[in-house]
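Contents: one structure, followed by commentary.
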Amino acid sequence: MKSGVKLGTRGSQLALWQARLVKSMLETAHPGIPVEIVVIETDGDRVQSVPLSSFGGFGVFTKAIQEALLARTVDIAVHSLKDLPTIPVEGLQLAAVTPRGPLGDALVSQKWSRFDDLPPQSTVGSSSLRRKAQLLLRRPDLNVVDLRGNVETRLRKLAEQQYDAIVLAEAGLVRLGLAQHITEILDPTWMLPAVGQGAVAIECRTEDENTRELMEKINHHPTWQCVQAERHFLSTLGGGCLVPVGCLSRYEENTLSLTGAVFSTDGKQRIGDTVTGMMDKSVDLGNELARLLVDRGAKQLLSGMATYPKG
């Protein structure tokens, strides 16, 4: 039995909330095994003056923690699952996920009570190309601009009236006790969340069988099946591409429904569909949905090679 577990995480307040959640779950599931939190700075934390897309789209918030895991500085890595690339890192594996939090994207505004109330040319801030594309698809009259920083920083920038509204993940606001700032949860029928949004991922070394067994006891299997479907959907489409991709999974008893879409960066084009099947076939469902979108031109849209009608 392990004498202790070192947990690697980013140092933001939201990342630390997630790390403390995993720490508590592990210590409850495995009494007597202490868990130490080790804060690791990532490229995304260190450089906040440029858009996330300029980093190339791979491991902006995860690579440094994964390197520490491979170097055995830590035993497990805790990530926001939406930040974890689907392209595997040799020697590492996704070992567990915690129960999923809220999936939605939240509009926050000090001027307007609903998204549809925003006047033409309103300035809306978001760091996500996925959100930008869907905002522009819904409202091409808006001025959607880049917004970097942690949750608290983004709320401060809004308060300083740099923006008419901003869009953040609902889960982050709820977990930080900031839900009172939410103006409106955007309808997921048009604002699809990111792959893995609201889920917390636990990664470990593939060869560390002891640690993998510890993680299995806290793995939330319904969430695991959902995110497996979502991640295989994204992986089959092209993994770490910067073109916006949204996905929403829902389950009831043994049935899983998966909706996904690919968007052009200017928000003028959308290719989407939905598949439904058994929960234990989640990987197959993800692959099936991706193939449906590819057949309708998603690969060309991802590469910017062609123009397609909205789907």
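Here are the numbers for this structure:
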{"read-out": "About the Cα centre, charge dipole magnitude for the range 104-209 (Lys/Arg +1, Asp/Glu -1 at Cβ), debye", "value": "380 debye"}
{"read-out": "Sites Glu41 and Asp187, calculated FRET efficiency, Cβ-Cβ separation with R0 51 Å, nearest 0.05", "value": "0.90"}
{"read-out": "Under Karplus coefficients 6.51, -1.76 and 1.60, residue-wise ³J(HN,Hα) of the range 173-183 in Hz, glycine/proline x", "value": "5, 5, 5, 8, x, 10, 4, 5, 7, 5, 8"}
{"read-out": "Loop trypsin sites (Lys or Arg not before Pro), the range 60-141 (other Cβ atoms within 10 Å of the site Cβ: 12 or fewer; DSSP)", "value": "Arg72, Arg114"}
{"read-out": "Derived scalar couplings ³J(HN,Hα) [the range 270-287; Karplus, 6.51 cos²θ - 1.76 cosθ + 1.60; whole Hz; x for Gly, Pro]", "value": "9, 10, x, 6, 9, 10, 9, x, 6, 4, 6, 10, 4, 5, 4, 5, x, 5"}
{"read-out": "Å² per residue, accessible surface of the chain at 1.4 Å", "value": "44 Å²"}
{"read-out": "Distance violations [Cα-Cα > 23 Å] among Lys63/Lys132; Lys111/Lys132; Lys63/Lys268; Lys157/Lys268; Lys82/Lys111; Lys132/Lys299", "value": "Lys63/Lys132; Lys63/Lys268; Lys157/Lys268; Lys82/Lys111"}
{"read-out": "Debye log10 I(q)/I(0) for the range 247-287, one point scatterer per Cα, at q = 0.20, 0.26, 0.31, 0.34 Å⁻¹", "value": "-0.60, -0.81, -1.01, -1.14"}
{"read-out": "Protection proxy ranking, peptides 216-223, 19-26, average beta carbon neighbours within 10 Å, highest first", "value": "19-26, 216-223"}
{"read-out": "Dimensionless Rg over Rh [the range 85-219; C-alpha; Kirkwood]", "value": "1.07"}
{"read-out": "At q = 0.15, 0.28, 0.29, 0.34 Å⁻¹, base-10 log of I(q)/I(0) for the range 105-145 (Debye sum, equal scatterers on each alpha carbon)", "value": "-0.30, -1.12, -1.20, -1.50"}
{"read-out": "Net charge dipole size for the chain [Lys, Arg +1 and Asp, Glu -1 on Cβ; Debye, nearest 20]", "value": "540 debye"}
{"read-out": "Placed amide H near Gly104: partners under 5 Å, 5+ positions off or other chain", "value": "Glu170, Ala171"}
{"read-out": "The chain - percent relative contact order, Cα under 8 Å, separation 6 or more", "value": "20 percent"}
{"read-out": "Contour minus Cα-Cα distance for Asp266 and Ala71 (0.36 nm per residue)", "value": "66.1 nm"}
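The values are calculated or read from the model by the stated rules, or taken from the named source; none is laboratory data. Fair warning: this is a prediction, and the values are worked out from it, not measured in the lab. Neighbour counts run over all protein chains shown; Cβ positions are idealised from the backbone, glycine included. These accessible areas exclude ligands, DNA and RNA; they are computed on the full protein's heavy atoms, side chains included. Shrake-Rupley method; radii C 1.70, N 1.55, O 1.52, S 1.80 Å.
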